[in-house]
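Colleague: The following block contains the structure, expressed as structure tokens.
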Amino acid sequence: MTEIKLHNTKTRKKEVFEPIDAENVRMYVCGPTVYDRAHLGNARPVVVFDVLNRLLRHVYGDDHVTYVRNFTDVDDKINARAAESGRSIGEITDETIQWFLDDMAALGAIAPDQMPRATEFIPQMVAMIEGLIASGHAYEAEGHVLFAVESYQEYGALSGRSIKDMIAGARVEVAPYKRNPMDFVLWKPSTGDQPGWESPWGVGRPGWHIECSAMSYELLGASFDIHGGGNDLMFPHHENEIAQSCCAHPDAGFANYWMHNEMLQVEGKKMSKSLGNFFTVHDLLEGHDGQPAVPGEVIRFVFLSTHYRKPMDWTEKKAKGADATLLSWKRTIDLWRDDVAKEYSGKNPPKVITAAVSDDLNTALAIAEMHTLAKKAKTSVEAAVALAEALAFLGFDYQHIWSHSFGHSLEKILGDPVDLERYEQLLTEARLKAIETNDFSEVDRLKSGLVAAGIEVQMLKDNIVLDITPDFDPSKLEALK
Ligand code: AMP
Ligand code: ZN
């Protein structure tokens, strides 16, 4: 069996992954708060944990993995959106959830096995809170229920903070009913048109953190394997989840491996509306502000080119490069179209690729290995099949790539499509003639013209292969005519 190694935030080490039950490997990832379209950063954890989900399924079997990702559909930002738009909360959350699912499917992310909504688990949250009060870890004050952080010795261990440091660093105004400024809300009262549910503490709604503790317990049990999310969630959200779950189920371990992706930036800067570099996944997929549409697979490729624990910079240049690479790989596989169609299963990734991904999701290394495979695939059908299998394993639908998409995307991103086959033919004819006449000037002219236009030229023994590079500039081809 392939050995998987994962960096565990809890121990700050890369560890060999050993599931509690290899028959049912369990993963929980914190999902979005659904009041607006997902921005590009929100897609990073989705793609990262999709790769992990695919790896786990490859190693343990499709039926032996349970992947849960929640939707936070009760939150003050949702209430505010409902109030300002005059629409109901349900309408907003339903619409946003569907947008999210469509956008993430366009990025090649397989839907998790379960996608619980917080509002469907209120009784379970209430039961967990009652238990925490009974065991002395929580207290009621002025209609609120608060978790008493001092009742949990380990509080702060995940993010490596002490309660004292946290208090010193806290900028929030401390509510008078809190015993300790770091105590956090499990339940709060609802008034007016705020959504509310009956509870032993009056009509109210849950605090944010309790939903993940209650839903992961209900769907995955008191101990499960992997818990993930962006590293902005480490504190306070994950710290609070741990406190709640470990105090509610003191004999269980909650999550064994904690994984956090680093943040995404855009053109070297934090995404922000004021800097004008904020956009949603949908904006990119559809084209926005005069920019051409970027296909989902191109976005996915750019994401996977950076290791998940490194900050990732989204740039237009990278998108163009990814597009050119995918197009070039498609064309290479296409050289062997019939043979590949016979051999390809979509379930048999090469060992070098699974080895890279098993090493703490080293997708950047996997892509480097795929470049090597693509070079070999120019002259080897086995390498072409391996490349198609590698693409499938990383979530690039080979059949889909085959049939359309990149030609179109290239057209949109780089301007007019170029008929590379025509230039290959021209160059082949010129070479044949040159061999006869011993005059290679036309071959040299064509070759240097293509290179100047950003096309890679490979003169193989019985074949000439052209590839588009990120520097491709179709206007420079004019000179060749
Ligand atoms: P939110 O809806 O803000 O709770 O975010 C949903 C998910 O997106 C969480 O796992 C966040 O950690 C993640 N996330 C938010 N912003 C970024 C970003 N700029 N880069 C990477 N992940 C992000
Ligand atoms: Zn969570």
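The values are calculated or read from the model by the stated rules, or taken from the named source; none is laboratory data. All of these numbers come straight from a predicted model, not from anything done at the bench. Virtual Cβ from ideal backbone geometry, glycine too; neighbours counted across all protein chains shown. Remember, those area values only see protein heavy atoms, side chains included, never the ligands or the DNA or RNA. Shrake-Rupley method; radii C 1.70, N 1.55, O 1.52, S 1.80 Å.
Colleague: Quote the accessible area belonging to Lys318 in square angstrom, nearest 10, computed with a 1.4 Å probe and with ligands, DNA and RNA left uncounted.
Modeller: Surface open to solvent at Lys318 totals about 80 Å².
Colleague: Under a 1.4 angstrom probe, counting protein chains only, how are Ser159, Ser448 ranked by accessible area, largest first? Don't skip to the answer; put the middle values down first.
Modeller: Values: Ser159 25, Ser448 70 Å².
Reading off the accessible areas and sorting them downward yields Ser448, Ser159.
Colleague: If you fit an axis through the alpha-carbon atoms of helix 76-85 and take the longest principal axis of the Cα set of the chain, what angle between them do you get, 0 to 90°, nearest 10?
Modeller: On a 0 to 90 degree scale, this one is about 70.
Colleague: Sticking with this one: Let a ≥ b ≥ c be the square roots of the eigenvalues of the Cα gyration tensor of segment 420-480; is it rounded (a/c under 1.5), or, if not, prolate (a/b larger than b/c) or oblate? Could you put the intermediate results ahead of the total?
Modeller: Details: a/c = 2.37, a/b = 1.63, b/c = 1.46.
Prolate is the answer for segment 420-480, as a/c is 1.5 or above and a/b outweighs b/c.
Colleague: In whole percent, how big is the carbon plus sulfur part of the accessible area of segment 265-413, probe 1.4 Å, protein atoms only?
Modeller: Details: 3370 of 6590 Å².
Carbon plus sulfur share of accessible area: 51 percent.
Colleague: What's the local net charge at Arg179, with K and R +1, D and E -1, over the other residues with C-beta under 14 Å away? Before the final figure, lay out each step's value.
Modeller: Details: positive: Lys178; negative: Glu140, Glu142, Glu150, Asp183.
Around Arg179, the surrounding residues sum to -3.
Colleague: Next question, about the same structure. Can you pull the percent of segment 420-480's accessible area that's carbon plus sulfur, 1.4 Å probe, other chains left in place? Present the calculation step by step, with values, prior to reporting the outcome.
Modeller: Working: 1820 of 3640 Å².
Answer for segment 420-480: carbon and sulfur cover 50 percent of the accessible area.
Colleague: On to the next question. Report the longest stretch of the chain that contains none of the GluC sites (Glu not before Pro) sitting in a DSSP loop with at most 16 other Cβ atoms within 10 Å.
Modeller: Values: sites that count: Glu3, Glu23, Glu142, Glu154, Glu173, Glu198, Glu267.
The longest uninterrupted stretch comes out as 268-481.
Colleague: Could you compute the FRET efficiency for Ser88 and Ala364, with r as their C-beta to C-beta distance and R0 at 56 Å, rounded to 0.05?
Modeller: The formula returns an efficiency of 0.80 here.
Colleague: Follow-up. Accessible surface of Ile97 in the full protein assembly, 1.4 angstrom probe, to the nearest 10 Å²?
Modeller: The accessible area comes out at roughly 10 Å².
Colleague: What does the convex hull of the alpha-carbon atoms of segment 46-165 project to on average, in nm²?
Modeller: Details: hull surface 46.0 nm².
Spelled out: convex hull of the Cα atoms, projected over all directions, averaged, 11.5 nm².
Colleague: Averaged per residue, what accessible surface does the chain expose to a 1.4 Å probe, in Å²?
Modeller: Details: 21830 Å² over 481 residues.
Here the residues of the chain average 45 Å² of exposed surface.
Colleague: What distance in nm separates the two pseudo spin-label positions at Asp397 and Lys270, each 7 Å out from Cα along the beta-carbon direction?
Modeller: About 3.7 nm separates the two model spin labels.
Colleague: Using Cα pairs closer than 8 Å and at least 6 residues apart in sequence, work out the relative contact order for segment 5-261, in percent. Don't skip to the end; give the middle numbers.
Modeller: Numbers: 400 pairs, mean separation 60.9, N = 257.
Relative contact order, segment 5-261: 24 percent.
Colleague: Using the Karplus curve 6.51 cos²θ - 1.76 cosθ + 1.60 with θ = phi - 60°, what ³J(HN,Hα) values do you get for each residue of segment 420-430, in whole Hz, with x for Gly and Pro?
Modeller: Result, rounded to whole Hz: 4, 4, 4, 5, 4, 5, 4, 5, 4, 5, 4.
Colleague: Given the convex hull over the Cα atoms of segment 5-261, what projected area results after averaging over all orientations, in nm²?
Modeller: Values: hull surface 55.5 nm².
Dividing the Cα hull surface by four gives the mean projection, 13.9 nm².
Colleague: Kirkwood Rh and Cα-based Rg: tell me the resulting Rg over Rh for segment 265-413, rounded to two decimals. The partial results should precede the final answer.
Modeller: Details: Rg = 16.0 Å, Rh = 16.1 Å.
With Rh from the inverse mean 1/r over Cα pairs, Rg/Rh is 1.00.
Colleague: What distance in nm separates the two pseudo spin-label positions at Leu335 and Asp473, each 7 Å out from Cα along the beta-carbon direction?
Modeller: Taking the simple label geometry, Leu335 and Asp473 are separated by 2.8 nm.
Colleague: Whenever you get a sec, compute what percent of the accessible area on segment 126-227 sits on carbon and sulfur atoms (1.4 Å probe). Mind dumping the intermediate values first?
Modeller: Values: 2370 of 4890 Å².
That fraction is 48 percent.
Colleague: Tell me the Rg and the Dmax, in Å, that the Cα atoms of segment 128-193 produce.
Modeller: Both quantities, over Cα of segment 128-193: 12.8, 40 Å.
Colleague: Can you find, among His288, Trp336, Ala377, the residue sitting farthest towards the positive end of the charge dipole of segment 261-393, where Lys and Arg contribute +1 and Asp and Glu -1 at Cβ?
Modeller: Of His288, Trp336, Ala377, it is Ala377.
Colleague: A further question on this structure: Sorted from largest to smallest, which semi-axis lengths in Å does the alpha carbon gyration tensor of the chain give for its equivalent ellipsoid, taking the root of 5 times each eigenvalue?
Modeller: One finds semi-axes of 51, 24, 18 Å for the chain.
Colleague: Hey, another quick one. Extending each Cα 7 Å along its Cβ direction at Lys347 and Asp102, get the distance between those two points in nm, one decimal.
Modeller: Reported label-point gap for Lys347 and Asp102 is 3.3 nm.
Colleague: If you don't mind, there's one more thing I want to ask. Please list Lys433, Lys330 in order of solvent-accessible area, largest first, computed with a 1.4 Å probe with all protein chains present.
Modeller: Working: Lys433 135, Lys330 35 Å².
Greatest to least solvent exposure: Lys433, Lys330.
Colleague: Can you say what percent of the DSSP beta bridges in the chain, counting only those with both residues inside, are antiparallel? Round to 5. It would help to have the intermediate numbers written out before the result.
Modeller: Numbers: 23 of 45 bridges.
Around 50 percent of the beta bridges assigned by DSSP in the chain are antiparallel ones.
Colleague: Let me see the P(r) profile for segment 170-304: every Cα-Cα distance counted, bins of 5 Å, each bin given as a percent of all pairs.
Modeller: 2, 8, 12, 14, 14, 13, 14, 12, 8, 4, 1, 0
Colleague: How do Asp165, Asp63, Asp334 stack up against each other in accessible area, from largest to smallest, with a 1.4 angstrom probe? Walk me through the numbers before you get to the answer.
Modeller: Numbers: Asp165 100, Asp63 135, Asp334 45 Å².
So the residues, ranked largest to smallest area, are Asp63, Asp165, Asp334.
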